[in-house]
Amino acid sequence: MSDAPSNAATSSPAPEARKDRYRVSSLLVKKTGMTDEEFFTYWRDVHGPLFAGLEIVKKNLIKYEQVHYNNAFEKGVLANGYAVPDFHGIAVFEAESFEKILEIFDSEEYKCTVFLDEDKFIERSNTKVLQAILL
């Protein structure tokens, strides 16, 4: 048996992209003047149910998830040399295709309700949207 390090990680084939699920994540920046508690409460109790209740969301999404930023974690992040993010939460949308996700945001149902509601708790111009292909 050789004492040389194993090369298993480099010899394994790269994982293939999933073809059954696609993800879009929005990195949300809270509205100026809102406390963290106001932001998280509004998003969880008002905006989230409003979005999840849309018929097109029920039809098109496999998963809608809210990731709330934990301020208590900041001290450890900073102590380890990492930057603290400018965003306060991540909205995760998963569907069978990117087109299914885009259909939601292009729908009149979304534009007339949820889009307008976003102005109550996020800074849209500072919010980042990422698309991802899952492996």
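Just so it is clear, none of the values below were taken in a lab; they were calculated from the coordinates. What you see is a predicted model; the values in this text were computed from it and never measured. Glycine also receives a Cβ, built like all others from the backbone with ideal geometry; neighbour counts cover every protein chain displayed.
For region 55-95, chymotrypsin sites (Phe, Trp or Tyr not before Pro) are listed when DSSP marks them as loop and at most 12 other Cβ atoms sit within 10 Å of their Cβ; the list is Tyr82.
Binning the alpha carbon pair distances of the chain at 10 angstrom intervals from zero yields the distribution 10, 33, 28, 17, 8, 3, 1, expressed in whole percent.
Legend: calculated FRET efficiency, Leu135 to Tyr82, from the Cβ-Cβ distance at R0 = 30 Å, rounded to 0.05, equals 0.80.
Beyond 20 Å in Cα-Cα separation lie the following of the pairs Lys30/Lys58; Lys63/Lys120; Lys59/Lys120; Lys19/Lys128; Lys30/Lys120: Lys30/Lys58; Lys63/Lys120; Lys59/Lys120; Lys19/Lys128. In order along region 45-62, the Karplus-derived 3J(HN,Hα) couplings, from 6.51 cos²θ - 1.76 cosθ + 1.60 at θ = phi - 60°, round to 8, 10, 5, x, x, 4, 5, 5, x, 5, 4, 5, 5, 4, 7, 9, 8, 8 Hz, and Gly and Pro are given as x.
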